[in-house]
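Each remark here refers to the structure printed beneath this line.
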Amino acid sequence: MFGLNRKLKELEENNSPIKVSLVGAGLMGKGLVSQLMLVKGIMPSLVVSHKIRDAVEAYTLAGVSRDDIKVARSLEEINVALEKNQFVVTDITDYASKANLIDVVVDATGVPDAGAEIAFDAILNKKHIVMLNVEADVVVGPILNKMAKNSGVVYTGTAGDEPGSVMEIVDFAEATGFEVLAVGKGKNNPIDYDATPESVKDQALKSKLKPLRLASFVDGTNTMVEMACMSNATGFIPDIRGGHGPITDVKDLPKVYSLKEKGGILEKYKVVDYAHGVAPGVFVIVTSSLAEVHHEMKFLKMGDGPNYVLYRPYHLTSLETPISIARAYLYNEPTIAPLYNKPVSEVITMAKMDLKKGQRLDGIGEYTVIGSIETYEKAKNDNIIPIGLINENAVVKQNINKGEIITYDMVDLDKTTMIYKLRQLQDSLDK
């Protein structure tokens with residue numbers, strides 16, 4: 001980190017900052033713009049939102065005068081403004097990647113198909129892409145990562161999101177010689193599988209979140225998505241469909257995440273899971289094959305073993321994204337990315353309510369569907385639809401009961417979307 005900070009300061013001193021475009025000016029996007037204004041060597045040059053006022057507000061909240069913000073309606077306007085080092089806003093998403101001077105594109109939309117398009121366009125235009133969009137990543141991250149490597153750019157998830165925070169600990173643990181047994185994240189509220197935008201509306205507005213975004217947290221889908229992202233980056237799988245989700249505290253994590261014959265909950269090691277009672281932290285369970293390492297861990301007050309927890313008590317979401325931007329640009333490396341050319345785990349689709357033939361669906365955090373984590377191989381064998389392919393144009397072909405798994409033969413999907421096309425390409429490579 002010291003080296004990264006030094007290099008960013010050098011960019012600042014040389015007046016050659018990393019120029020960033022950001023798509024999405026919600027809670028995460030606005031927070032990122034403000035944070036980037038405080039980071040040496042990185043400039044939030046272009047903010048894109050379908051609501052211009054949100055893009056403008058992202059800058060004004062960060063202390064930029066309204067007179068210093070250029071509203072642009074053409075690519076030429078954007079390029080001229082960027083050459084003048086102006087702060088630019090637009091409502092045309094394509095320009096985030098097409099602008100000449102942009103080095104890194106950040107997607108903060110949280111919308112699966114939008115994320116797929118933004119990432120694809122960034123790679124096509126040879127820009128590094130940082131995804132605050134795990135919803136897209138768990139569906140088509142492998143093919144996007146492959147395309148990025150072929151184009152000589154970086155495809156990466158973000159530091160500060162739980163998967164990125166977990167990956168940092170995993171890298172540390174493996175680099176220091178520990179064996180990693182399990183990885184996971186905390187969940188800060190009980191799962192309410194019936195949560196909808198309407199039921200969480202008041203709390204969402206207080207938090208300046210879209211109601212569907214909060215609903216996706218409360219109904220557990222977001223947790224499943226984040227676990228799948230961790231799984232795809234580490235090769236670890238869920239121990240059971242949906243994960244265990246025990247209630248525990250930090251000191252008991254090593255015991256809880258032991259094998260059943262050792263008094264824990266696990267059928268096997270090398271798993272991904274979540275736990276109530278340790279949020280907003282993330283954790284990695286490690287062990288060692290050597291007695292002297294166990295002796296020193298005990299001396300260091302890390303517990304009696306044989307399993308130990310490496311715990312980080314916070315994750316700062318988009319406020320840590322500058323680290324991923326800098327790593328991609330300076331070192332050409334991701335914070336977190338899929339390990340293979342196909343997923344390890346899938347976020348499968350289940351009915352959130354009774355569905356009738358001919359009914360239109362919606363998406364993550366809304367009224368009709370909910371997600372759960374399953375191994376990719378099981379989901380593939382059972383023909384289950386990844387939840388990120390569901391949108392408002394998907395139509396149910398038969399009656400489906402609440403809680404039932406939804407397979408490809410039950411729904412007419414919207415095949416016009418970029419995420420569907422990329423997924424088809426990704427699946428075609430797994431033959």
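Sort 106-116, 74-84, 348-358 by packing, meaning the average of other beta carbons within 10 Å per residue, with the highest value first. Please list the in-between numbers first.
On the way: 106-116: 27.2, 74-84: 15.6, 348-358: 18.4.
Going by the mean number of other Cβ atoms within 10 Å, highest first, we get 106-116, 348-358, 74-84.
Given 10 °C and 1.306 mPa s, compute D for segment 269-388 with the Stokes-Einstein relation, Rh being the Kirkwood radius over Cα pairs; round to the nearest whole µm²/s.
Working: Rh = 18.7 Å.
Answer from the Stokes-Einstein relation: 85 µm²/s.
With a 10 Å Cβ neighbour count serving as the proxy for reagent exposure, in which order, fewest first, do SER345, SER34 appear?
Ascending number of Cβ neighbours within 10 Å: SER34, SER345.
Which whole-number percent is the relative contact order of the chain (Cα, under 8 Å, 6+ apart)?
After rounding, I find 16 percent.
Within the set of other residues whose C-beta is less than 14 Å from the C-beta of LEU330, count the net charge using Lys and Arg as +1 and Asp and Glu as -1.
Neighbour charge sum, excluding LEU330 itself: +2.
According to the Kirkwood expression over distinct Cα-Cα pairs, how big is the hydrodynamic radius of segment 54-110, in Å?
11.8
Select from segment 1-39 those GluC sites (Glu not before Pro) which occupy a DSSP coil region and have at most 15 other Cβ atoms within 10 Å, ordered by residue number.
Numbers: sites: GLU10, GLU12, GLU13; in loops: none.
Passing sites in segment 1-39 do not exist.
With charges only on Cβ, +1 for K and R and -1 for D and E, what is the dipole size of segment 345-428 about its Cα centre, in debye, rounded to 20?
180
Fewest first, what order do SER45, SER288 take by the number of other Cβ atoms within 10 Å?
Placing the least packed residue first, the sequence is SER288, SER45.
Which residue, ILE247, ILE373, ILE285, tops the fluctuation ranking in a GNM of the chain built on C-alpha contacts under 10 Å?
ILE247
For every other residue with a beta carbon closer than 13 angstrom to the beta carbon of LYS262, add +1 if it is Lys or Arg and -1 if Asp or Glu, then tell me the sum.
Computed value for this residue: 0.
So, with +1 on the Cβ of K and R and -1 on the Cβ of D and E, and no other charges, what is the size of the charge dipole of segment 162-314 about its Cα centre, to the nearest 20 debye?
300
If you take the charge dipole of the chain about its Cα centre, with +1 on Lys and Arg Cβ and -1 on Asp and Glu Cβ, which of VAL166, ALA291, ALA81 is farthest toward its positive end?
ALA81
Please go through segment 117-162 and write out the trypsin sites (Lys or Arg not before Pro) that DSSP classes as loop and that have at most 15 other C-beta atoms within 10 Å.
Of the trypsin sites (Lys or Arg not before Pro), the ones in loops of segment 117-162 whose Cβ has at most 15 other Cβ atoms within 10 Å are LYS126.
Test of understanding: express the Cα radius of gyration of the chain as a ratio to 2.2 N^0.38 Å, with N the residue count.
0.98
Given +1 on the Cβ of Lys and Arg, -1 on the Cβ of Asp and Glu, and no further charges, what dipole in debye does the chain carry about its Cα centre, rounded to the nearest 20?
The calculated dipole for the chain is roughly 240 debye.
Quick one: pull the percentage of alpha-carbon pairs in segment 345-428 with a separation above 20 Å.
Values: 854 of 3486 pairs.
Percent of Cα pairs beyond 20 Å in segment 345-428: 24.
Taking the convex hull of the alpha carbon atoms in segment 1-86, what volume per residue do you get, in Å³?
Convex hull volume per residue, Cα atoms: 96 Å³.
Please order HIS295, HIS244 by the number of other Cβ within 10 Å, starting at the fewest.
On the way: HIS295 11, HIS244 18.
Lowest to highest Cβ neighbour count: HIS295, HIS244.
Quick note: the coordinates plus some simple rules give every number you see, no bench work behind them. Since the model is a prediction, treat every value here as computed from it, not as a measurement. Neighbour counts run over all protein chains shown; Cβ positions are idealised from the backbone, glycine included.
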